[in-house]
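Inspection log for the structure reproduced underneath, given as structure tokens.
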Amino acid sequence: MSGAPLLELRDIVKEFPITSTVLQRRVGLVHAVSGVSLSVPAGSTLGLVGESGCGKTTVGRLIVGLDRPTAGSILFDGRDVSSLSGRERRRLHRDRQLVFQDPYASLDPRMRVGEIVREPLAIHHLGSRRQQRVAVQRLLEEVGLPPDAAARFPHEFSGGQRQRIGLARALALNPRLIVADEPVSALDVSIRSQVLNLMHDLQLRHDLTYVVISHDLTVVRYVSDLLGVMYLGKLVEVGDAEAVYARPTHPYTAALMATIPLPDPVRERAKPHGLIRGELPSATNPPPGCRFHTRCPRAADVCRIVEPPLRPFGERHHAACHFPLQDPVEGTSAA
Amino acid sequence: MSRSDGSVLTVASLRVVIALRHSTVRAVDDVSFTIAPGETVGLVGESGCGKTTIGLALLRLLPAGGRIVSGSVRLGGHELTTLDDEQMRAVRGDRIGIVFQDPLTSLNPTMTIGSQVGEPLRIHRGATARTARDRAAELLELVGLPSPSRQLDRYPHQLSGGMRQRVSLAAALACDPALLIADEPTTALDVTTQDQILELFSRLKREIGMAVLLITHDMGVVAGQADRVLVMYAGKLVEVGATDQVFYRTRHRYTQALLESIPTLTSSRAEALHSIPGQPPDLAHPPPGCRFAPRCAFMTDECRAAQPAMSGSQAHTFACIHPAEARA
């Protein structure tokens, strides 16, 4: 976990043009990701959390190369993959795989499970057909599916089992990094932990690095070494997961934690509700200054004008806030 | 008016089956419960346990192939299962208000907010367009929509998810229903928006004192909202009681396992994450004994032999042969 970074994002920006349907002219920009920098050591897990529209899924797509950043660079194992092309880029693609949220939508219903898991091997021409079949059997066994699963279709499996199929497919190319976008959000709580425990086992066995994207802080807590919190395209807090959970520093992080309904009636009834007012602003026209100021209970004039930089609040713990909930590390105070 | 025990809703021995192409699913199997005036009852369980089917059966909106086989549903003393379609239409939206998970699909995209919220008043109360519109503005204010009178002429797609859920709640409350059925009302929302809607539910409960059947998979939502909890597993109620009883003096092994599998912010990463092995049974062919037995760590031969009956006190019942110790 203290190793060299396998993945590094440097000031990543991703903007999507909005084109008018009539004149095909660009009429605006969605600022999906606005200057995000992150570093993930090999073998560790980064949890990336935030609500709908915060840009977390876009970051995931950029990391695996499904999209190219508008600006900034993505370093994988020290090499800038955002500028590579051709064969080298394809080869590095194998090392970065994606697991999707919806196990019902991400598996082709007309393909047998064995073919679904074999497909990445076939596309990359890895081994003979016979070797590929053997590999498929090993992968299915590894994710805890019965040997006869290969001959069956996705609809014959439950949500949890389908997510296992998705993991087997992602593992087929023996990747070094897996980006899992809401891997358990579609699953029932009693099944969730089965999949999270499996992901943890696979990480240890294959020395995998994970980026786990979720809106659910409780899920991410169980898997993350590092935690990044995003709001409207910005990283507002990042750090060692233990430190961020113990001492949430950005008011948005604290609000995300406080608003999770607790399965504890006395505490849940006693807790204040509605601390975060209002609505998420539009990503086409994000607010000036701190993007969270329109909903923040601590916002003051400076927040509406000056964008707060990420400041250190401990070793490997940064937050971007003018009025943080913790004291910043000595000598770096800006507010 | 027939005899009533003072409950808003009394469901007795309700059985619902859904006929599929090759099999018949016993979606709701001998379910009984009541809801008192002003009471919020949480119906919790995982996907496919039948909780949504109960809601749809109460409304007589079961999907094709679904039907109530036996049992009784009485709203304020009136039996609903024997009403014809027209009589039932007069109940829905008037005596029973409904809020679904996804307001984008439950609201009509071609109708303005104002006419949608006022529609129940025009249909059930014969209100004029003018009266319905004025009342719609009041209802939108009640549910906390900012500048309500300016929202009347807007369309659902122009609102955020949280605002849309406020609009569907306003429409559900239009005729001052005896019972509100809310099926996963916050599941499609972000946590900060969910928090706002839950706050709204708490406020409406204080201000209007409506009876609510809150159907959800989220034990945290139930913990904060419900006075009583019904825990459902594989078509049957397995534990019923006051919220604090069910959470703090859990008796049924399924409820216990479910609560243990919920990750929280305070539990450490080092702790192993509890999960329930296996998955729920196929309700076309449910196991003969306790339906949770195949996944239960406390299962014995007795559990597989016959379905356990409900036992316990009036305030807290459970159907388990090897219940967790009742803590003092």
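Worth pointing out:
- Listed by first and then second residue, the pairs linking a residue in region A:202-230 that is more than 19 Å from A:L38 (Cα to Cα) to a residue that is at pLDDT 95 or above and aromatic (F, W, Y), with Cβ atoms under 7 Å apart and 6 or more places separating them unless they lie on different chains, are A:Q203/A:Y210.
- Qualifying position, being surrounded by fewer than 20 Cβ atoms within 10 Å (Cβ to Cβ), more than 13 Å from every other protein chain (Cβ to nearest Cβ) and over 22 Å from the mean Cα position of the chain (by Cα), among B:A297, B:A284, B:A293: B:A284
- Against the conditions (1) closer than 30 Å to B:H217 by Cβ; (2) surrounded by 18 or more Cβ atoms within 10 Å (Cβ to Cβ); (3) of a type in the set (S, T, N, Q), B:T105 satisfies every one except (2).
- Cβ-Cβ under 8 Å pairs, at least 6 apart or on other chains, region B:147-170 side within 14 Å of chain A (Cβ to nearest Cβ) and free of Cβ contacts under 8 Å to residues at least 40 places away in the same chain, far side surrounded by fewer than 20 Cβ atoms within 10 Å (Cβ to Cβ) and acidic (D, E): B:S160/A:E279; B:G162/A:E279; B:M163/A:E279
- Within region B:179-196, the presence of a residue that is within 11 Å of chain A (Cβ to nearest Cβ) and modelled with pLDDT of 95 or more is excluded.
- Of the residues making up region B:278-322, those that are part of a loop (DSSP other than H, G, I, E, B), farther than 30 Å from B:A19 by Cβ and modelled with pLDDT of 90 or more are B:A297, B:F298, B:M299, B:T300, B:C320, B:I321, B:H322.
- Search result, residues across region B:241-253 that are crowded, with 24+ Cβ neighbours inside 10 Å and in contact with a helix residue (DSSP H, G or I) (Cβ under 8 Å, 6 or more places away or on another chain): B:V246, B:T250
- Of the set (1) surrounded by fewer than 22 Cβ atoms within 10 Å (Cβ to Cβ); (2) within 14 Å of A:G274 (Cβ to Cβ); (3) more than 9 Å from chain A (Cβ to nearest Cβ), all apply to B:S202 but (3).
- Restricting attention to region B:63-91 and to residues that are touching a Lys or Arg at 6+ places or on another chain (Cβ under 8 Å) and part of a strand (DSSP E or B), the residue that is nearest to B:L213 (Cα to Cα) turns out to be B:L75.
- The set of residues in region B:17-36 that are modelled with pLDDT of 95 or more and either closer than 30 Å to B:L198 by Cα or touching a His at 6+ places or on another chain (Cβ under 9 Å) (or both) comprises B:A27, B:V28, B:V31, B:S32, B:F33, B:T34, B:I35, B:A36.
- Residue ID - surrounded by the fewest Cβ atoms within 10 Å (Cβ to Cβ), chosen from residues in region A:269-283 that are more than 9 Å from chain B (Cβ to nearest Cβ) and more than 18 Å from B:Q225 (Cβ to Cβ): A:S282
- Number of the exception - B:I262 against (1) more than 10 Å from chain A (Cβ to nearest Cβ); (2) of a type in the set (V, I, T); (3) within 26 Å of B:C303 (Cα to Cα): (1)
- Only one of the numbered conditions (1) within 14 Å of chain B (Cβ to nearest Cβ); (2) over 23 Å from the mean Cα position of the chain (by Cα); (3) surrounded by fewer than 22 Cβ atoms within 10 Å (Cβ to Cβ); (4) more than 30 Å from B:F247 (Cβ to Cβ) is violated by A:P288, and that is (1).
- Within region A:104-134, the set of residues being over 22 Å from A:R176 (Cα atoms), crowded, with 18+ Cβ neighbours inside 10 Å and not aliphatic (A, V, I, L, M) comprises just one member, A:G114.
- When region A:240-263 is filtered for residues that are out of contact with any Leu (no Cβ under 7 Å at 6 or more places or on another chain) and either more than 9 Å from chain B (Cβ to nearest Cβ) or modelled with pLDDT of 95 or more (or both), the ones remaining, listed by number, are A:A243, A:A246, A:R247, A:H250, A:Y252, A:T253.
- A:V33 at pLDDT 95 or above, of a type outside the set (D, E, K, R), within 24 Å of B:L265 (Cα to Cα) and in contact with a helix residue (DSSP H, G or I) (Cβ under 6 Å, 6 or more places away or on another chain): no
- Filter pass, A:L46 being buried (at least 19 other Cβ atoms within 10 Å of the Cβ) and modelled with pLDDT of 95 or more: yes
- Pairs are defined by a Cβ separation below 7 Å, a sequence spacing of at least 6 or placement on different chains, a first member in region A:158-172 that is part of a helix (DSSP H, G or I), and a second member that is of a type in the set (G, A, S); the pairs so defined are A:G159/A:A186; A:R164/A:G144; A:G166/A:S106.
- Count - residues of region A:221-230 that are out of contact with any Asp or Glu (no Cβ under 8 Å at 6 or more places or on another chain) and either at pLDDT 95 or above or more than 9 Å from chain B (Cβ to nearest Cβ) (or both): 1
The values are calculated or read from the model by the stated rules, or taken from the named source; none is laboratory data. What you are looking at is a predicted structure, and each value in this text was computed from that prediction instead of being measured. A quick note on method: Cβ atoms are made from the backbone with ideal geometry, for glycine too, and the neighbour counts reach across all protein chains shown.
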